[in-house]
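Accompanying notes for the structure given below.
The values are calculated or read from the model by the stated rules, or taken from the named source; none is laboratory data. Quick caveat: nothing in here was measured; it's all calculated off a predicted structure. Counting neighbours? That spans all protein chains shown, and the Cβs are built from the backbone with ideal geometry, glycine included. Areas reflect the complete protein model, heavy atoms only, side chains present, ligands, DNA and RNA absent. Shrake-Rupley method; radii C 1.70, N 1.55, O 1.52, S 1.80 Å.
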Amino acid sequence: MNLVTVSLGSNIDPIRHLHCCLDALADTFGRLHISSVYESEPVGFTDSRNFYNLVVAFYSDWTPGQLQAWAKQLEIEHGRQPDVAKFSPRALDIDLLTVGELCGVIDDIALPRSEISHNAFVLQPLAELLPTTRHPQCGTSYAQLWEAFELGSQRLWPVDFNWRGRWISQADEQPQLAVARR
């Protein structure tokens, strides 16, 4: 069994789509470890709708190819078209971040996913969820990677999010730039 981490995102009816995705993950893989949910401005394109993002961890013995196929099928079931431009609005985006300690291209999937160290909306929830876990490639803990992260213009903030009667996250009083702790 490997610890698997996935990044979830949505900017089309995000509460509904993320609830459905978490339900499907729990029904398929069992117990989930879930980060806070963050609202973030789109990165890489201009669109007036912000994204909701979070990271989920669970244990599975599935191969990266099986995990990726399952995720892409769930995205399609939520209206995502495979031929749509990369930087576009989406009801559901599921990105496979890590599968245990696997590194390299496995089943045509690059692991660990490079977005871990490039996007605050991936790294901050990952560092919150698994602060002492080490990045499989560089060996640095996610908390240390987050501390050293240069935010630039990336903005994100926690939002109220309840799933299955449990508060996953609650909003701050004022949205602010996320601040890497130095």
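For region 84-118, name all the residues that are over 21 Å from Asp61 (Cα atoms), open to solvent by less than 20 Å² (accessible area, probe 1.4 Å) and polar (S, T, N, Q).
Step one: filter region 84-118 for residues over 21 Å from Asp61 (Cα atoms), giving 84-93, 114-118.
Cutting the leftovers down to open to solvent by less than 20 Å² (accessible area, probe 1.4 Å) gives us 88, 91-92, 116.
Hit for region 84-118 is Ser88, nothing else.
Report whether or not Phe87 is modelled with pLDDT of 90 or more and of a type in the set (A, V, I, L, M, F, W, C).
Working: modelled with pLDDT of 90 or more: no; of a type in the set (A, V, I, L, M, F, W, C): yes.
It is false that Phe87 is modelled with pLDDT of 90 or more and of a type in the set (A, V, I, L, M, F, W, C).
Please find, among Gln81, Gln66, the residue that is farther than 25 Å from Ser153 by Cα and at pLDDT 95 or above. Steps first, answer last, please.
Working: Gln81 fails: at pLDDT 95 or above.
Within the list Gln81, Gln66, the selection yields Gln66.
So which of Val159, Val55 is open to solvent by less than 30 Å² (accessible area, probe 1.4 Å) and over 18 Å from Val6 (Cα atoms)? Working first, answer last.
On the way: Val55 fails: over 18 Å from Val6 (Cα atoms).
The unique qualifying residue is Val159.
From the list Ser60, Ser35, Ser40, which one is over 28 Å from Leu102 (Cα atoms) and among the small types (Gly, Ala, Ser)? Let's see the steps before the verdict.
Working: Ser60 fails: over 28 Å from Leu102 (Cα atoms); Ser35 fails: over 28 Å from Leu102 (Cα atoms).
Of the residues listed, the single one that is over 28 Å from Leu102 (Cα atoms) and among the small types (Gly, Ala, Ser) is Ser40.
Go through region 119-136 residue by residue and tally those that are open to solvent by 70 Å² or more (accessible area, probe 1.4 Å) and either hydroxyl-bearing (Ser, Thr, Tyr) or out of contact with any Ser or Thr (no Cβ under 7 Å at 6 or more places or on another chain) (or both). Outline the logic, then answer.
So in region 119-136, the residues open to solvent by 70 Å² or more (accessible area, probe 1.4 Å) come out as 128, 132, 134.
If we keep only those that are either hydroxyl-bearing (Ser, Thr, Tyr) or out of contact with any Ser or Thr (no Cβ under 7 Å at 6 or more places or on another chain) (or both) too, we end up with 132.
Counting residues in region 119-136 that are open to solvent by 70 Å² or more (accessible area, probe 1.4 Å) and either hydroxyl-bearing (Ser, Thr, Tyr) or out of contact with any Ser or Thr (no Cβ under 7 Å at 6 or more places or on another chain) (or both) gives 1.
Could you look through region 149-170, keep only residues that are of a type in the set (Gly, Ala, Ser) and more than 18 Å from the chain's Cα centre (by Cα), and pick out the one that is farthest from His17 (Cα to Cα)? Don't jump to the end; show me each part of the working.
So in region 149-170, the residues of a type in the set (Gly, Ala, Ser) come out as 152-153, 165, 169.
Then drop every residue that is not more than 18 Å from the chain's Cα centre (by Cα), which leaves 152-153, 165.
Numbers: Gly152: 29, Ser153: 27, Gly165: 16 Å.
Going through the qualifying residues, I end up with Gly152.
Test Ile76 against the stated conditions and say whether it is surrounded by fewer than 14 Cβ atoms within 10 Å (Cβ to Cβ), at pLDDT below 95 and either under 18 Å from Val99 (Cβ atoms) or not polar (S, T, N, Q) (or both). Walk me through it before giving the result.
Working: surrounded by fewer than 14 Cβ atoms within 10 Å (Cβ to Cβ): yes; at pLDDT below 95: yes; either under 18 Å from Val99 (Cβ atoms) or not polar (S, T, N, Q) (or both): yes.
So Ile76 passes the test.
Restricting to region 137-151, name every residue that is surrounded by fewer than 16 Cβ atoms within 10 Å (Cβ to Cβ) and part of a loop (DSSP other than H, G, I, E, B).
Selection gives Cys138, Gly139, Thr140, Glu150, Leu151.
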